[in-house]
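The values are calculated or read from the model by the stated rules, or taken from the named source; none is laboratory data. This is a predicted model, so every value here is computed, not measured. Glycine also receives a Cβ, built like all others from the backbone with ideal geometry; neighbour counts cover every protein chain displayed. Surface areas here come from the heavy atoms of the whole protein model, side chains and all, with no ligands, DNA or RNA. Shrake-Rupley method; radii C 1.70, N 1.55, O 1.52, S 1.80 Å.
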Amino acid sequence: MRRIILLRHAKSSWADEGVHDAARPLNERGRLAAVLMGAWLADQDLFPDFALVSTARRAVETWERVKTGMGMAPPHASAPIYMAGPATLLEVAQGAPDDAATILMLGHQPGMQDFMKALAGEADEACARAFDKYPTAAAAVIEFADLAAWADAAPGAGRLTRFAHPKDLV
C-alpha cells in the first residue's frame with residue numbers, strides 16, 4: 001500500500017512585516033508544534049521513505065524540526081510546491097520515487113487542503129473535520145490500496161485515514 005502524508009508548515013512569524021512571504025521563519029509556537037508533529041508521526045509509525053518540501057523558509061524549518069521529533073532523517077528534496085494548487089501538487093507526487101511507499105509533502109494552504117480533498121475519494125468519520133479546517137502543522141494521511149506507481153496517483157483514488165494537528169496532541 002502507498003501512502004501520502006500531507007503536512008502543512010507550522011506557524012510562522014509575522015514579527016518583521018517587511019520580510020517577503022517565502023522568507024518568513026517559524027515563530028516559537030511553530031517550532032514547538034513541528035517537533036510535536038514529528039513525534040506524532042513516529043508514534044503512529046508513519047515514517048516517510050521520502051519527503052518533498054516547499055522551498056519557503058517556514059516549510060524548510062518545519063521539516064528540520066519534524067525530523068527531530070521523528071528521531072530520523074529520511075531523504076528529501078526541495079519541491080516546487082510553494083503556494084501550489086492541487087494540479088501542481090499531483091504532478092510533484094506523481095514524480096516521487098517509486099521505491100518510496102510513503103511520501104511526505106510539506107507545503108502551504110490552501111493547496112494542502114485542496115489536494116487532500118482531491119485525492120481522498122472518502123474519509124474516515126474521524127477525519128472529516130480536515131475538510132473544514134486545515135490548521136498550521138496539521139497532517140493528513142491518505143492511503144492508496146491499489147497504486148502500483150506514484151505516476152498512477154489520481155484524484156479520488158485515496159482514502160483519508162488519519163488527521164491530526166498540534167492542539168489534538170496537547
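The packing ranking, built from the mean of other Cβ atoms within 10 Å per residue, places the peptides 145-152, 69-76, 132-139, 162-169 in the order 132-139, 162-169, 69-76, 145-152, highest first. Comparing V92, V60, V19 in a Gaussian network model of the chain (Cα springs below 10 Å), the most mobile by mean-square fluctuation is V19.
With point charges of +1 on the Cβ of Lys and Arg and -1 on the Cβ of Asp and Glu, referenced to the Cα centre of the range 22-107, which listed residue (G85, M72, A42) lies farthest in the positive direction of the dipole? Selected residue: G85.
Counting 0.36 nm for each residue step from E122 to D99 and taking away their Cα separation leaves a gain of 5.7 nm. Within the straight-line cut-off of under 16 Å between alpha carbons, the aspartates and glutamates reachable from K133 are D114, D124, E125, D168, sequence neighbours fewer than 8 places apart in one chain being disregarded. Report the one residue of A22, Q94, F115 whose Cα lies farthest in the direction of the positive end of the charge dipole of the range 1-138 (charges on C-beta: Lys and Arg +1, Asp and Glu -1; origin at the Cα centre). Ranked along the dipole, the leading option is A22.
Could you pull out the GluC sites (Glu not before Pro) across the range 17-74 that fall in loop regions by DSSP (anything but H, G, I, E, B) with no more than 12 other Cβ atoms inside 10 Å? Listed in order of number, the matching sites are E17.
Per residue, the accessible area of the chain comes to 45 Å² when a 1.4 Å probe rolls over the protein heavy atoms. Note on the range 1-133: with charges restricted to the Cβ of Lys and Arg (+1) and Asp and Glu (-1), its dipole about the Cα centre is near 340 debye.
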